[in-house]
Amino acid sequence: MPAHKNILTYGTFDLFHIGHLRLIQRILKLGDKLIVGVSTDEFNAVKGKKCTMPFEHRADIVGSIKGVDLVIPEQSWEQKIKDIKKFNVDIFVMGDDWKGKFDYLKEYCDVIYLPRTEGISTTKIKKTLSSISPDLKQSLNSVIHQM
Ligand code: CTP
């Protein structure tokens, strides 16, 4: 049984994939309440990221994963300390592509970077999709946006 700990993580979670699922599953071994901040489309624009799926879809998918208790919008870089205090967060977790970047939060809670799943990322999936025919790409895009 995981310890009684509140955990917080953030991410974009576009084209939800096995690396995202494995991260959430590994996070759940550290504690029993998981809050996920999903980046809004506006915040992604600030980060220079353009999502295939709109915020509402990404948030719905993440919120449906077993063990995720709450999804909150991630709207800025600055909200983390406020969220940690608001949700009584014990552990802040990110994939190790962010290693060291959030050490300043150690003043407020534990900060843990978990290893990423090798060989998969949203960027890689997008690259694969863009290498297929433009017609098929167009139909896939319209299916996603009709849902
Ligand atoms: N993540 C992971 N393993 C992967 C991909 C992502 O553990 N193979 C983790 C990231 O480290 C992050 C969270 O999942 O903590 C959300 O990552 P996100 O940036 O949404 O996914 P990526 O696939 O990395 O997207 P991109 O390629 O656009 O950066």
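Where a number appears in this text, it was derived from the coordinates with a stated rule and is not lab data. Computed from a predicted structure; not experimentally measured. All Cβ positions, even for glycine, are placed from backbone atoms using ideal geometry, and neighbour counts span all protein chains on display.
A few comments on the model shown:
- Against the main long axis of the alpha-carbon atoms of the chain, helix 55-64 sits at an angle near 60°.
- Sequence-distant contacts, meaning Cα pairs under 8 Å at least 6 residues apart, place the relative contact order of the chain at 28 percent.
- Whole-number D in µm²/s for the chain (Stokes-Einstein; Kirkwood sum over Cα pairs; 4 °C, 1.567 mPa s): 80 µm²/s
- Amide H contacts under 5 Å for ASP32: LYS5, restricted to partners 5 or more places along the chain or on a different chain, H placed in the peptide plane at 1.01 Å from N.
- Prolate/oblate/rounded label for the range 48-93 (Cα gyration tensor, a/c 1.5): oblate
- Above-threshold pairs, the threshold being 25 Å between Cα atoms, out of LYS101/LYS137; LYS50/LYS106; LYS49/LYS80; LYS33/LYS126: LYS101/LYS137; LYS50/LYS106; LYS33/LYS126
- Dividing the helix sum by the residues of the chain, where each DSSP H run of 4 or more adds -39500 (n - 2.57), gives a mean residue ellipticity at 222 nm of -11000 deg cm²/dmol.
- Sorted ascending by nearby beta carbons within 10 Å, beginning with the fewest, HIS17, HIS4, HIS57 become HIS4, HIS17, HIS57.
- Simple spin-label estimate for SER142 and THR128 in nanometres, 7 Å along Cα-Cβ: 2.4 nm
- Among the trypsin sites (Lys or Arg not before Pro) in the range 44-86, those located in a DSSP loop and surrounded by at most 10 other Cβ atoms within 10 Å of their own Cβ are LYS50, LYS66.
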